[in-house]
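Inspection log for the structure reproduced underneath, given as structure tokens.
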Amino acid sequence: MIVDVLTIFPGMFEEPMSASMMGLARERGLLEFRTHDLRDWTHDRHKTTDDDPYGGGPGMVMKPEPLGEAIAAIHELEDEPAHTVFLTPSGRRFDQSIAEELSSHERILFVCGRYEGFDARSHTLADDEISIGDYVLTGGELAAMVVTDAVVRLLPGVLGHEDSAVDESFSSGLLEYPQYTRPAVWNDLEVPEVLRSGDHARIQAWRRRKALELTLERRPDLLNEADLDSVEVEWVRQANGNVDSQPKED
Ligand code: JCE
């Protein structure tokens, strides 16, 4: 996969996109990652990428012309144009299924804005618009890194242990069961006996139950979409009856 990023802050990507799995994916040739400085497509002495909003109001808006020229030039770097993704708070909300969808593209171009966002006409250059969540960042760079990280780890060969990319959580639709490693006792806290029993069937059943309990407690919203068998559906129904699932108003 080739990932291009258009930004006025290419330096922000250096460490995050070189460390750990991202670095390894690049060394292994599974990921080609390139940044492009939007200022290279400006034509004035000050390399201006923003301007005042028509109609007035606070802040500045990204000028559309440098974006248009830059995106066209980046498409031309390869035979096929890139799937062009704008990061913006008004995009569709990023999740694991969008990560899977994006991982099927040969090329992605992430376009990172700054200031108060893009001139509305720039959106004609986008194939896709993504938000990583309902909060406002100062620009798209961190969002582009979040999306890239989630996508790259899905590429075949990036994770050593192939099936750890198929997340327990999010593939079954439940949160992950608790994990433990040595020592068996730490700060008076013991690793559950079942995990040291060697009884794989018991371990599997325990993990599934813990995943259900944790999801019910912290993310009950996920249970509507989760893959549950009929026994589990009934268990959730029972457990729900024992908790204040709809806190009363006072
Ligand atoms: C961005 C800004 C709109 C006010 C370019 C914010 C994505 N999930 C996300 N949160 N924030 C962003 C994001 C992405 C790109 C830009 N801003 C700041 N945007 C209104 C301020 C500018």
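The values are calculated or read from the model by the stated rules, or taken from the named source; none is laboratory data. Nothing here was measured: the structure is a model prediction, and the numbers come from that model. Every residue, glycine as well, gets a Cβ built from its backbone with ideal geometry; the counts of neighbours run over all protein chains shown. To get the accessible areas, we keep the full protein, side chains included, count just its heavy atoms, and leave off ligands, DNA and RNA. Shrake-Rupley method; radii C 1.70, N 1.55, O 1.52, S 1.80 Å.
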The answer for the chain, accessible area per residue at 1.4 Å probe in Å², is 61 Å²
For Glu190 and Arg45, extending 7 Å from Cα along the Cα-Cβ vector and measuring point to point gives, in nm, a value of 7.7 nm
Most packed first (mean Cβ within 10 Å per residue), the peptides 93-105, 77-89, 39-51 order as 77-89, 93-105, 39-51
Volume per residue (Å³) of the convex hull spanned by the alpha carbons of region 2-152 is 116 Å³
Placing each pseudo-label 7 Å from Cα in the direction of the beta carbon, His200 and Ile2 end up separated by a distance in nanometres of 4.4 nm
Summing +1 per Lys or Arg and -1 per Asp or Glu among the other residues with Cβ less than 12 Å from Met12's Cβ gives -3
Heavy-atom accessible area of the chain with neighbours in place, 1.4 angstrom probe: carbon+sulfur share in percent works out to 50 percent
Counting only residues 5 or more apart in sequence or on a different chain, those whose built amide H sits under 5 Å from that of Met60 are Glu116
quick note, region 2-152, DSSP beta bridge pairs, % antiparallel (nearest 5) is 10 percent
Protection proxy (average C-beta count within 10 Å per residue), highest first, orders 113-119, 226-232 as 113-119, 226-232
